[in-house]
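Asker: Take a look at the following structure, please.
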Amino acid sequence: MKQFLLVLAIFISSVSAQASLDQFCKSKKGDTGHYKNGDNYYIYKGAFLYKFEEDQIRLIFSKYEIRSVREHDNKIYILTPDYVFVHRLGDYGFVTSFPTTDQQMTKNHQTAQDMAILNDKLFIAHGSLGLIKIDLLGNSIESNHQFDLPHERGQVSTATGIDTYNGRLFVMLDNVTYNFSTKKRAYEGLVILDENMNQQRVVPIRQNREALHMPKAIISGGFLISRNMQNLYFYKLSELDRVRTLWPKRRLYDFAGVDLDSNPWISNGQVYGCFNRYDGKGFEYMHREFQL
């Protein structure tokens, strides 16, 4: 069983919190994931989850690639490609684990990519398998949803990002397939659903003008915000129920001379993430916080 392979370790660092963050971004250069809930700040890459505190770093080692992290009901939920691992907050003791899906996975684009929690239900953006709903009271799969998308038969899209707002689910999708005969890609854009996973809106991007790349979804300050490579795209929430296509109100690419190098966390108008700067000879990596 995978839960027996999950090992918890705690490390203490004598350096300052900011120096620890900068050093982490330097040593773990490349895509990292970030999650902040109140004073609890987590960064993850590969199989490692770090919690940063003043003058110390707590490390949870999972043995499996970490895709997303959420706190709920005094527990921390850790999403991997096919399992969710649960630890207690405080001592980070192991609680339980459960599979993300009861479907067979044979391709990477079918694996779990992101998750959100709403009313004791865990919703997993499960790549091309669609959306999975798990009841957290029993840690059991409640239902599956395959998206009804406006693309050609045989095309495949993958759900890569999810967040919730006012009892609704906002799921971002990227294309997997491309039809070389028609020169059309599978669906890319947003799907809005209610908590019973009934589709309410399907809002595609303008594929003749842009593309998405494994978009995430963070709702903050009246916007749905998604990373696209080194940019952050801002979509106004109040307009998403009436627009025909998903077109950013703002594209943020200038971060005071450094480039975004992670899937950041955004809360209270603040962006938390790892960034890099190229000086003509090589890259410098650092942690930064920016006010939007």
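Asker: Can you tell me which of 197, 286, 214 is open to solvent by 40 Å² or more (accessible area, probe 1.4 Å) and touching a residue at least 12 places away in the same chain (Cβ under 8 Å)?
Answerer: So the residue among 197, 286, 214 that is open to solvent by 40 Å² or more (accessible area, probe 1.4 Å) and touching a residue at least 12 places away in the same chain (Cβ under 8 Å) is 214.
Asker: Only residues that are open to solvent by less than 50 Å² (accessible area, probe 1.4 Å) and part of a loop (DSSP other than H, G, I, E, B): list them for segment 86-128, please. Even if it seems obvious, please write down each step before you answer.
Answerer: Initial filter on segment 86-128 (open to solvent by less than 50 Å² (accessible area, probe 1.4 Å)): 86-87, 89, 92-93, 96-98, 100-101, 110-118, 121-128.
Correct list: 89, 92, 93, 100, 101, 111, 112, 113, 126, 128.
Asker: Can you find, within segment 67-123, the residue that is nearest to residue 171 (Cα to Cα) among those that are of a type in the set (Gly, Ala, Ser) and out of contact with any Ser or Thr (no Cβ under 8 Å at 6 or more places or on another chain)?
Answerer: Among residues in segment 67-123 that are of a type in the set (Gly, Ala, Ser) and out of contact with any Ser or Thr (no Cβ under 8 Å at 6 or more places or on another chain), the one nearest to residue 171 (Cα to Cα) is 68.
Asker: Quick check on segment 96-110. Is at least one of its residues without any contact (Cβ under 8 Å) to a residue 40 or more places away in the chain, in contact with a helix residue (DSSP H, G or I) (Cβ under 6 Å, 6 or more places away or on another chain) and under 30 Å from residue 183 (Cβ atoms)?
Answerer: No - not one qualifying residue is present in segment 96-110.
Asker: A follow-up question, please. Looking only at segment 129-162, count every residue that is assigned to a strand (DSSP E or B) and of a type in the set (S, T, N, Q) and tell me the total. Show your work before the answer.
Answerer: Pass one, segment 129-162, residues assigned to a strand (DSSP E or B): 131-135, 140-145, 157-162.
When the remaining residues are screened for being of a type in the set (S, T, N, Q), the result is 140, 143-144, 157-158, 160.
Selection size over segment 129-162: 6.
Asker: Same structure, new question: Do you know which residues across segment 249-267 are in contact with an Asp or Glu (Cβ under 9 Å, 6 or more places away or on another chain) and either open to solvent by less than 40 Å² (accessible area, probe 1.4 Å) or within 27 Å of residue 42 (Cβ to Cβ) (or both)?
Answerer: Within segment 249-267, 253, 258, 261, 262, 263 meet the criteria.
Asker: Within segment 31-46, which residues are open to solvent by 20 Å² or more (accessible area, probe 1.4 Å) and either in contact with a Leu (Cβ under 7 Å, 6 or more places away or on another chain) or without any contact (Cβ under 8 Å) to a residue 60 or more places away in the chain (or both)?
Answerer: Correct list: 37, 38, 39, 40, 44, 45, 46.
The values are calculated or read from the model by the stated rules, or taken from the named source; none is laboratory data. In this text, all values refer to a predicted model and were calculated from it rather than measured experimentally. Note: ideal-geometry Cβ built from the backbone for every residue, glycine included; neighbour counts use all protein chains shown. Quick note on the areas: whole protein, heavy atoms, side chains included, nothing else; ligands and nucleic acids left out. Shrake-Rupley method; radii C 1.70, N 1.55, O 1.52, S 1.80 Å.
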